[in-house]
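The values are calculated or read from the model by the stated rules, or taken from the named source; none is laboratory data. These numbers come from a predicted model, not from an experiment. Cβ atoms come from the backbone with ideal geometry, glycine included; neighbour counts cover every protein chain shown. Just so you know, the surface numbers come from the protein's heavy atoms only, side chains and all, with ligands and any DNA or RNA stripped out. Shrake-Rupley method; radii C 1.70, N 1.55, O 1.52, S 1.80 Å.
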Amino acid sequence: MTTFTKTPEGETPSIDVSLQRVVSDINPLMYGGFLEHMGRCIYGGIYDPDNQHGAVDENGFRTDVIAALQELEIPVIRYPGGNFVATYHWEDGVGPREQRPRRWDPAWKAEESNAFGTDEFMKFCEIVGTEPYLALNMGTGTLDEALNWLEYCNSDRNTYYANLRRNNGREKPYNVKYWALGNETWGPWQVEEDTKENYAKRAYQWAKALKLADPNIELILCGKNGHDDWDRYVLQQCVDLIDMHSIHLYTYSHDFKENVTAPLSAERAIQITASLSELALINNPTGGWRPNGYKPPSAPPKICFDEWNVYDDQQAPGDEGGEQAYNLSDALGVAVWLNVFIRQSQHIGMANLAQNVNVLSPLSTKRDGSPGLVRQTLWWPLLLFSKYMRGKTLGVHLRSSTYEGSTFPSWIRKTTPTPWLDVSCAYDEAAGFINLAVVNIDDTRDIKTSLTLEHALPSGVTTNKQQDVQVFTVGGGDIDVKATNFDGVDRVGVVESTWTAAPRAEYTFPRHSLTLLRWSVKA
Ligand code: AHR
């Protein structure tokens with residue numbers, strides 16, 4: 001959370017950090033990912049069993065991709081879609097590979113071999129060290145099919161689908177905790193697009209049946225963008241039985257300042273959704289029927305922001321594979337997105353970058369299958385946040401003048417201030433660091449800023465003693481905001497340095513940059 005005072009243009013901005021302003025825990029699931037059967041995400045991205053270049057392990061998984069996902073410490077991965085899931089039948093993707101049917105995927109207009117399915121995904125998650133999150137087909141799929149998938153994954157009983165899993169080589173249940181009740185079922189592009197009334201009715205009945213089968217799972221309701229009547233209605237109808245409410249948003253503009261302020265629409269969406277969640281609970285004080293042992297919600301459902309990113313669907317259309325060449329402007333857009341999640345951490349149950357490999361992604365594999373990854377510009381803010389912005393959100397007070405130009409969407413201008421510095425702060429008690437992330441959204445000017453950390457020091461350390469502060473910078477200086485790494489040349493990366501400063505000091509944030517400052521607070 002940031003409190004903000006707008007100052008006149010020309011006044012030196014200031015950021016005041018205090019350890020007394022702990023806001024909430026940062027849920028590690030905020031750094032989640034997403035793998036969809038789309039373009040080269042699964043096939044050629046994580047899975048390439050016929051690879052001729054030694055790029056894969058004995059399972060056919062790309063070893064360099066596994067290492068990269070481990071480096072990002074992705075805690076949870078959503079699968080198998082996305083739009084793909086609206087016609088996906090999970091049974092097509094289990095059992096002997098040569099017997100799996102090839103199907104036509106109408107979402108991405110592609111043939112699906114089903115060579116990669118549930119058991120391969122579970123194995124991949126185990127190797128990466130991440131949790132699976134499965135999305136159910138509420139397009140052409142049935143509740144029966146969903147219950148069977150749950151039984152296949154989670155049951156240790158002597159029943160047909162649990163035994164099918166055993167026959168396929170997996171004795172122990174996978175115990176998949178997170179299940180999504182469909183994907184973007186409101187979207188005109190979906191097979192079996194639904195109305196909010198019909199979806200809410202179905203979602204409630206599906207939730208009841210799924211929780212009767214396995215009360216340990218967490219269900220994610222299909223919301224829209226967080227500020228639509230769909231969100232209000234489905235939350236109101238289903239609040240009793242669901243654990244999180246999903247919202248999706250992709251931001252983008254060719255214009256730099258619009259691109260980096262666009263994620264502020266996600267911040268408003270989170271705040272509005274949090275209110276809608278509360279409203280659903282307030283208007284439903286007694287609750288409805290619940291499976292035995294299933295407790296009524298004691299708090300509003302958190303938000304599962306299970307698709308977010310910067311994405312230009314003109315440059316990289318989804319049915320052509322969605323391989324966007326990300327530039328510095330997009331990387332700083334992602335940094336603002338991550339600041340939003342840190343600031344709003346009290347409402348975030350999970351967030352999933354869409355997607356992890358090749359498709360709308362920070363990582364690209366080569367088309368010829370040879371080893372070696374392109375780390376796109378987005379990789380660097382993602383890595384810095386995942387490594388350092390952990391622990392608890394600290395409230396900071398920001399004083400700054402504001403960008404007053406156009407925004408995209410235009411309603412940001414009407415609802416949300418857009419200070420030149422976009423700021424979030426994390427107190428990582430375990431590591432003993434305060435981490436301050438600052439995006440200078442001005443592409444024309446470095447911004448000198450007063451920083452105060454006096455109330456951030458551990459008790460007993462109140463001197464003006466100078467201290468070495470770790471500095472990580474992405475962008476800035478002469479790097480073009482349009483610079484990409486897409487062709488394999490690393491034009492955008494992280495520059496590390498040390499800044500020696502007292503608890504009250506001035507720092508100049510370079511134009512169009514992300515700066516992450518790390519103060520040790522060990523006494
Ligand atoms: O991530 C790409 C697509 O964007 C997903 O399949 C869909 O859910 C969203 O519209």
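Report the normalised scattering of the stretch 392-457 as log10 I(q)/I(0) at q = 0.15, 0.25 Å⁻¹, calculated by the Debye formula with identical scatterers on the alpha carbons.
-0.61, -1.15
In Å², what does the accessible area per residue of the chain work out to with a 1.4 Å probe? Write out the running numbers ahead of the final one.
Working: 20230 Å² over 523 residues.
Per residue, the chain has an accessible area of 39 Å².
Exactly which trypsin sites (Lys or Arg not before Pro) in the stretch 362-410 are in a DSSP loop and have at most 16 other Cβ atoms within 10 Å? It would help to have the intermediate numbers written out before the result.
On the way: sites: Lys366, Arg367, Arg375, Lys387, Arg390, Lys392, Arg399; in loops: Lys366, Arg367, Arg390.
Within the stretch 362-410, the qualifying trypsin sites (Lys or Arg not before Pro) (loop, at most 16 other Cβ atoms within 10 Å) are Lys366, Arg367.
Only Cα pairs under 8 Å and at least 6 apart count here; give the relative contact order of the chain as a rounded whole percent. Mind dumping the intermediate values first?
On the way: 1218 pairs, mean separation 106.3, N = 523.
Value for the chain: 20 percent.
Out of the GluC sites (Glu not before Pro) in the stretch 39-84, which ones are loop residues according to DSSP with at most 12 other C-beta atoms within 10 Å?
Numbers: sites: Glu58, Glu71, Glu73; in loops: Glu58, Glu73.
Answer in residue order: Glu58.
Check which residues have an amide H placed less than 5 Å from Ser24's amide H, if you skip close sequence neighbours.
Thr393
Return the subset of Lys196/Lys302; Lys109/Lys208; Lys123/Lys482 for which the Cα-Cα distance in this structure is over 31 Å, preserving the input order. The partial results should precede the final answer.
Working: Lys196/Lys302 20 Å; Lys109/Lys208 34 Å; Lys123/Lys482 38 Å.
Among Lys196/Lys302; Lys109/Lys208; Lys123/Lys482, the Cα-Cα distance tops 31 Å for Lys109/Lys208; Lys123/Lys482.
What does the charge dipole of the stretch 380-523 about its Cα centre add up to, to the nearest 20 debye, if the Cβ of each Lys and Arg holds +1 and the Cβ of each Asp and Glu holds -1? Working shown, then result.
On the way: 15 positive and 15 negative charges, 86 e Å.
It works out to roughly 420 debye.
From the helices alone, meaning DSSP H stretches of at least four residues, give me the mean residue ellipticity at 222 nm for the chain, per-run term -39500 (n - 2.57), in deg cm²/dmol to the nearest 500.
Working: 11 runs with 124 residues, N = 523.
Roughly -7000 deg cm²/dmol at 222 nm, from the helical runs in the chain.
What whole number of Å gives the distance from the Cα centroid of the stretch 100-143 to the Cα centroid of the stretch 482-501?
35
At 10 °C and 1.306 mPa s, what whole-number value in µm²/s does Stokes-Einstein give for the translational diffusion of the stretch 157-272, with Rh from the Kirkwood sum over Cα pairs? Numbers along the way, then the final one.
Values: Rh = 16.5 Å.
Here the translational diffusion coefficient equals 96 µm²/s.
Based on the alpha carbon coordinates of the stretch 355-409, what radius of gyration and maximum Cα-Cα distance (Dmax) apply, in Å?
Calculated on Cα positions, Rg and Dmax stand at 17.5, 51 Å.
How big is the C-alpha Rg of the stretch 1-53 next to the rule-of-thumb value 2.2 N^0.38 Å, as a ratio? Please list the in-between numbers first.
Numbers: Rg = 22.7 Å, N = 53, 2.2 N^0.38 = 9.9 Å.
Working it through for the stretch 1-53, the quotient is 2.28.
Could you tell me how many cubic angstrom of Cα convex hull volume the stretch 1-94 has per residue? Spell out each step's value before the answer.
Details: hull volume 21.9 nm³, N = 94.
Convex hull of Cα atoms, per residue: 233 Å³.
For a quick protection proxy, order the peptides 26-36, 334-344 by their average other-Cβ count within 10 Å, most packed first. Could the numbers behind the result be given before it?
On the way: 26-36: 23.7, 334-344: 25.9.
The most tightly packed comes first, giving 334-344, 26-36.
Cα convex hull of the chain: how many Å³ per residue? Provide the component values of the computation, followed by the final result.
Values: hull volume 79.5 nm³, N = 523.
Convex hull of Cα atoms, per residue: 152 Å³.
So how many Å³ per residue does the convex hull of the Cα atoms of the stretch 112-208 work out to?
Considering the Cα atoms of the stretch 112-208, their hull volume per residue is 121 Å³.
Of Val489, Trp411, Ala437, which is farthest along the charge dipole of the stretch 400-523 in the positive direction, counting Lys and Arg as +1 and Asp and Glu as -1 at C-beta?
Trp411
Given points 7 Å out from each Cα along the Cα-Cβ axis, report the Asp368 to Thr142 separation in nanometres with one decimal.
Reported label-point gap for Asp368 and Thr142 is 5.0 nm.
If I stretch the segment between Ile282 and Ala209 completely, what's the gain in nm (0.36 nm per residue apart, minus their alpha carbon distance), one decimal?
Details: separation 73, 0.36 × 73 = 26.28 nm, distance 2.49 nm.
Gain on extension, Ile282 to Ala209, equals 23.8 nm.
Given q = 0.20, 0.29, 0.32 Å⁻¹, what are the Debye log10 I(q)/I(0) values for the stretch 178-227, with equal point scatterers placed on the Cα positions and solvent ignored?
Computed log10 I(q)/I(0) values: -0.70, -1.14, -1.25.
Given the Cα atoms of the stretch 280-436, and with Rh set as the inverse mean 1/r over their pairs in the Kirkwood sense, what is Rg to Rh to two decimals? All intermediate terms of the calculation are to be shown ahead of the outcome.
Working: Rg = 19.5 Å, Rh = 18.7 Å.
Expressed as Rg/Rh, it is 1.04.
Separation of the stretch 220-280 and the stretch 147-192 by C-alpha centroid, Å?
For the stretch 220-280 versus the stretch 147-192, the Cα centre distance is 26 Å.
Restrict the search to the stretch 419-520; then list the GluC sites (Glu not before Pro) that DSSP places in a loop and that have at most 15 other Cβ atoms within 10 Å of their Cβ. All intermediate terms of the calculation are to be shown ahead of the outcome.
Working: sites: Glu429, Glu454, Glu496, Glu506; in loops: Glu429.
Sites meeting the loop and neighbour criteria: Glu429.
At 1.4 Å probe size, with the rest of the protein present, what percent of the exposed accessible area of the stretch 252-366 is carbon and sulfur atoms? Provide the component values of the computation, followed by the final result.
On the way: 1720 of 3520 Å².
That share works out to 49 percent.
Just to confirm my numbers, what's the Cα centroid distance between the stretch 374-418 and the stretch 337-360 in Å?
Taking the Cα centre of each part, the stretch 374-418 and the stretch 337-360 sit 12 Å apart.
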